[in-house]
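Comments concern the structure below.
No lab work stands behind these numbers, since they all come straight from the coordinates. Since the structure is predicted, the reported quantities are computational estimates derived from the model, not experimental observations. Cβ atoms come from the backbone with ideal geometry, glycine included; neighbour counts cover every protein chain shown.
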Amino acid sequence: MAEHNLVYQMAAYYDIALKRDVSGEVDFLCDLFQQLNNRPLTSLLETACGPAYHGRACARRGIRATGLDLRPEMIAFAQEQAAAEGADLAFIVGDMCRFQLEQPVDMVIAMFDALDCLSDNQALVDHFRCVAANLNPGGLYVIDLAHPRDISLNHYGEYRYHGVGGGTEVDIRWAVNPPLLDLPNGTYQTDVEMTITENGQVRVLRDSARERIFYPQEIQLLAMLAGGLRPAAWFGGYDLNVPLDMSPGATRMVAVLQKTGAE
């Protein structure tokens, strides 16, 4: 597993730059589950959750939610934020390829390109198997990734996230280097730069990691190889009426896998 460890250790600063309203995305998740299972969503696991934006929003709606992340700093920050807003959810510090919930859930989610840290096929197969083992019958796994139009094997755009909170300004620039492509493995070596302006001082932190580029076919094939999950739907964003295609309305690649069998 490869990830930008230094950036993700700085949980409070990451939150200043990346914090956003996810209520519309949670609406989509609830509507999607209702449509495919003909009942309300009652439980959810957010993998690689970071500040657990989606898990916290679900908990505020009465959905039993859990956040899982490899970084203890992120989990500690998410716990503080959840307590401050009265959101009751559980947290686990753990690997998204090896985890076991006390109770299975209706839905597992990997949002905002969380899956791209799994840079080799075996890690992805292990992850899919783990997800399937922790889903209820008919449960859904929803994966949110960059649209192949925006990040592909011949193109990696520049991305910038900026925010101000409590007198602190944080600017995160993704892919400040010319990203180095490993074509056989479908990964980029990307550098990220975080600039923190606080108390009149400026700090610049730089981090590097491998990130996997995904296409729909490989997600389907690796899920089939892992067993227990089947492709159920594809969307071009958080809208049940937007298909995954190359039209301007399709801005993300949202894959929906469903647990198969009776177990």
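Annotations
- Measuring between their Cα centroids, the range 140-204 and the range 84-134 lie 22 Å from each other.
- All other residues whose Cβ lies under 13 angstrom from that of LEU145 are scored, Lys and Arg at +1 and Asp and Glu at -1, for a net of -3.
- Residue among VAL242, VAL202, VAL192 with the largest mean-square fluctuation in a Gaussian network model of the chain, springs linking Cα atoms under 10 Å: VAL202
- Rounded to the nearest angstrom and listed largest first, the equivalent-ellipsoid semi-axes of the range 151-211 from its Cα gyration tensor are 29, 11, 7.
- For the range 1-77 versus the range 212-263, the spacing of their alpha-carbon centroids is 19 Å.
- Length-normalised contact order for the chain - Cα pairs under 8 Å, 6+ apart - percent: 19 percent
- Sorted on the mean count of surrounding Cβ atoms within 10 Å across their residues, most packed first, peptides 124-132, 162-170 read 124-132, 162-170.
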